[in-house]
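The values are calculated or read from the model by the stated rules, or taken from the named source; none is laboratory data. Worth saying up front: this structure is predicted, and the values here are computed from it rather than measured. Cβ placement follows ideal geometry from the backbone for every residue including glycine, while neighbour counts extend to all protein chains displayed. These area figures cover heavy atoms from the full protein model, side chains too; ligands, DNA and RNA do not enter into them. Shrake-Rupley method; radii C 1.70, N 1.55, O 1.52, S 1.80 Å.
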Amino acid sequence: QFPFGRRLPCDIYWHGVSFHDNDIFSGQVNKFPGMTEMVRKITLSRAVRTMQDLFPLEYNFYPRSWILPEEFPLFVDEVRMMKDSDPSWKPTFIVKPDGGCQGDGIYLIKDPSDIRLTGSIQSRPAVVQEYICKPLLVDKLKFDIRLYVLLKSLEPLEIYIAKDGLSRFCTEPYQEPTLKNLHQVFMHLTNYSLNIHSGNFIHSDNVNTGSKRTFSSILCRLSSRGADVKKLWSDIISLVIKTIIALTPELKVYYQSDIPAGKPGPTCFQILGFDILLMKNLKPILLEVNANPSMRIEHEQELSPGVFENVPSPVDEEVKVAVIRDTLRLVDPQKKKIKDVQQYIESGKKKVNVRHNFVVCYRCQALEHVPEAHEELLDAGPADRPEYDTSRSPEPGLPSLCLKQVFPKYSKQFNYLRLVDKVAVLFIRFLGVKGTTKLGPTGFRTFIRNCKLSNSNFSMASVDILYIDITRRWNSMGIDHKESGMCLQAFVEAFFFLAQKKYKSLPLHEQVASLIDFCEYHLAALDEKRLVCGRG
């Protein structure tokens, strides 16, 4: 541990909180710049909402959300309209503070008038969401799933999902929300940090019982009841990929700001905690994404009043040790050296045992090569994962990988969703100054001019008005006042406006895709022209 940083370079840096824990210029860091900001409740809700505007059916796994205080009037109006159209609708809503964690400040309401607007909501913005009233129950208890997802690379996008996760249970039997039980947090909120204080919380040495269990134990139970566990996994994988696709555009803006192209800098990877709720019909619902999921493998036990000791938690150890171990195996910097050695030997057409050669060459550095797991092992379900693959591994002490690659493996099924990614590439191109995250008025005008988007019906004066109106509104929402200009979300809104103006008769996602093609065509022609002029 180096609390004050370290001068000598390392292969891998493991930061505790964020990318900015220390200034580093090489190697790999276990955090992405901007990830902590991106998974805050408001930012995540905005990112998913953008995708819901484009692909409403594909992004129906996230509850309907409103951002407070700015959307409070909209929240009131929409709830009133929905109640008027369906008098039998008796909703419950859950209010979550933007920067809250471990269940802090969360409460349930039945009506918009119940929101605590006095003081706290102004100083502490929040998201209010439709509460899922019919969750899947096990032993009459509500529970959620914590799944660990490795974002190994942003460009190209590479995502892995752990084959097992944690199921965290409430500690009071579930009842649908009523005015009488809304305040009963041990019934409605699955947060471990809340339920551990319940007298009903059960610490268990068995992964199949207690208030915290493995997800694979729940899947086995569902499978024994005839549930389609393969479809459930498929739906969860789809949810994870789509959520990360919603986050990547802004992450790329943060990335180029902290690690500008062409300058020395580290590469990044990050373990994320996805919190997922299963509905009664087994549809997965995204609750939130955690940039710093707890990796503790013990819990505190009170021996006597005021005296505590740390006791190992077998459930946490089984899941979390495997996630960290295999993350390090996947980002192992020696893998590149292995490939280089292999290519060198193959190019010389020498029939040599590459693995054996590698161990000999690097034995002096006390390094061991961890072999790639076989594809069939990566595809094994969480319930039937073998503990050790001694028959296939040269190192019999190492288990098979618990992390399954889902992207780019399934990229063909999801690439059509990556429209905002392409809009972000345009945004970054016109930022001008390296290290910035906001587009100035000159950059926006250059974008319009180079992409041939102004005409007699849309003059440059109209362009300036559009820039000022959208930028002013987004800046008034309290979105990062460190620098002035148009943030990516504001640029996306402007881009959608231009797409709707230019291609009136198409659905929004086709309008946006058409405008992206139009811009890319003109920018490619401009680049070609500059190249020819440069040669001349």
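For Lys404, enumerate residues with amide H under 5 Å from its amide H, sequence gap 5+ or separate chain, H modeled in the peptide plane.
The list, which skips near neighbours in sequence, is Ile161, Ala162, Lys163.
Do you know the relative contact order of segment 26-171, to the nearest whole percent, from alpha carbon pairs under 8 angstrom that are 6+ apart?
Taking the mean separation of contacting Cα pairs over the length of segment 26-171, I get 20 percent.
On average, how much accessible surface per residue is there in segment 415-531, in Å², for a 1.4 Å probe, leaving out ligands, DNA and RNA?
51
Based on alpha-carbon centroids, what's the gap between segment 461-536 and segment 143-186 in Å, whole number please?
Cα centroid of segment 461-536 versus Cα centroid of segment 143-186: 36 Å apart.
Which trypsin sites (Lys or Arg not before Pro) in segment 476-536 sit in a loop by DSSP (not H, G, I, E or B) and have at most 11 other Cβ atoms within 10 Å of their own Cβ?
Lys482, Lys504
What Kirkwood hydrodynamic radius, in Å, does segment 415-531 give when the mean of 1/r is taken over all pairs of distinct Cα atoms and then inverted?
14.8
At a Förster radius of 41 Å, what calculated FRET efficiency corresponds to the Cβ-Cβ distance of Thr442 and His15, to the nearest 0.05?
0.70
Carbon and sulfur: what percent of segment 415-531's accessible surface (1.4 Å probe)?
C and S fraction of accessible area: 56 percent.
With N denoting the number of residues in segment 104-192, provide Rg(C-alpha) divided by 2.2 N^0.38 Å, to two decimal places.
Rg over 2.2 N^0.38 Å, computed on Cα atoms: 1.41.
Quick one: which residues, 5 or more positions from Tyr107 or on another chain, have an amide H under 5 Å from its amide H? H modelled 1.01 Å from N in the peptide plane, none for Pro or chain starts.
Amide H to amide H, under 5 Å and 5 or more residues apart or across chains, Tyr107 pairs with Val95.
With θ taken as phi - 60° and the coefficients 6.51, -1.76 and 1.60, list the Karplus ³J(HN,Hα) couplings across segment 310-315 in order, rounded to whole Hz; mark glycine and proline as x.
These are the phi-based 3J(HN,Hα) values: 7, 10, x, 10, x, 5 Hz.
In nm, give the distance between the simple-model label positions of Arg6 and Arg530, each being 7 Å from the Cα along the Cα-to-Cβ direction.
Here the modelled spin labels are 4.0 nm apart.
Which ³J(HN,Hα) values, rounded to whole Hz and listed in residue order, are derived for segment 485-501 from phi using the Karplus coefficients 6.51, -1.76 and 1.60 in 6.51 cos²θ - 1.76 cosθ + 1.60 with θ = phi - 60°, glycine and proline given as x?
x, 8, 6, 4, 4, 5, 5, 4, 4, 5, 5, 4, 4, 5, 5, 5, 6
Go ahead and run the numbers for FRET between Glu317 and Lys90, Cβ-Cβ distance against an R0 of 45 Å, rounding to 0.05.
So the FRET efficiency works out to roughly 0.55.
Can you give the FRET efficiency for Val307 and Ile468, using 1/(1 + (r/R0)^6), R0 = 60 Å, r = Cβ-Cβ distance, to the nearest 0.05?
Efficiency, from the Cβ-Cβ distance: 0.45.
Quick one: which of 243-252, 90-99, 105-114 comes out on top by average Cβ neighbours within 10 Å, and what's the full order, highest first?
Result, highest mean first: 243-252, 90-99, 105-114.
Take each of the peptides 447-454, 310-317, average the number of other beta-carbon atoms within 10 Å over its residues, and list them starting from the highest.
Result, highest mean first: 447-454, 310-317.
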